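Nothing in this text is a laboratory measurement; each read-out follows from the coordinates by a stated rule. Note that the structure is predicted; figures quoted are calculated from it, not measured. Cβ placement follows ideal geometry from the backbone for every residue including glycine, while neighbour counts extend to all protein chains displayed.
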Amino acid sequence: MSGEVVGFLAVLYTSQGLLDVIPNELKAHYRFTLLTDNEQVLAISSDRNTPKRAFSNQTSLDIGVLSPNLTLRIDTYPPPTNLTFRMLIGVVLGLSVFVIWSLWSVLKQMQVRQEAEASLRSETNFRSAMENSTPVGIRAHDMQKRIAYVNRAFCEMTGWTQKELIGLMPPFPFWPDSRRDELVEKMNRALKADVGTGKMGI
């Protein structure tokens with residue numbers, strides 16, 4: 001142990017063996033490649049391709065005059081983007097917008113429907129008030145000649161109640177016996193002339 005040189009120890013590594021001594025923790029984030037002067041690949045730490053957005057750097061290795069010049073290129077493996085998570089966020093946002101739009105559309109339709117019902121109710125009340133206040137008797141029939149509506153004046157003229165008159169078929173009991181055939185024929189002509197309205201009055 002005098003410090004004198006008593007011999008030499010030579011260690012032979014293949015080019016791939018040089019890369020194998022790199023810790024796996026580094027090889028998980030970087031790809032190491034040994035290249036010659038003419039860009040010929042001698043060894044590579046992984047066959048996994050690097051994405052387009054990877055960063056690369058290279059440096060020359062001076063390992064002696066008897067050896068060819070080698071270049072070590074290091075390519076990074078960027079952390080993978082969580083595409084599934086982003087897609088899920090996009091789907092959730094899209095569904096939220098659709099639900100909000102659907103609720104707004106339903107509320108708008110309900111508002112229009114309520115306004116239409118209120119207008120129809122007001123019109124119906126006004127018509128009923130007019131029909132009940134007029135001294136003229138009014139009755140309406142469906143296409144089967146059945147009484148569908150009578151106003152108050154008509155009930156007072158015939159002496160029958162609205163409940164008793166609705167649904168009656170001709171000849172009606174309040175018709176004079178001497179004119180029943182005439183009135184039936186008149187109703188038939190009126191139905192043929194007014195077949196497009198769905199209702200008629202006599």
Item to check | Overall form of region 116-193 per C-alpha gyration tensor (a/c, 1.5; a/b vs b/c) | outcome: prolate
Checklist entry - So if we plug the beta-carbon distance of MET169 and ASN125 into 1/(1 + (r/R0)^6) with R0 = 35 Å, what FRET efficiency do we get, rounded to 0.05? => result 0.75
Checklist entry - Once both labels are modelled 7 Å past Cα along the beta-carbon direction, what's the VAL99-VAL136 spacing in nm? => result 5.8 nm
Next on the checklist: I want to check the label-to-label distance for MET110 and MET157. Put each point 7 Å from Cα in the C-beta direction and report it in nm to one decimal.
Outcome noted: 4.6 nm
Next on the checklist: Checking the a/c ratio against 1.5 first, then a/b against b/c, what shape does the Cα gyration tensor give for region 119-162?
Outcome noted: oblate
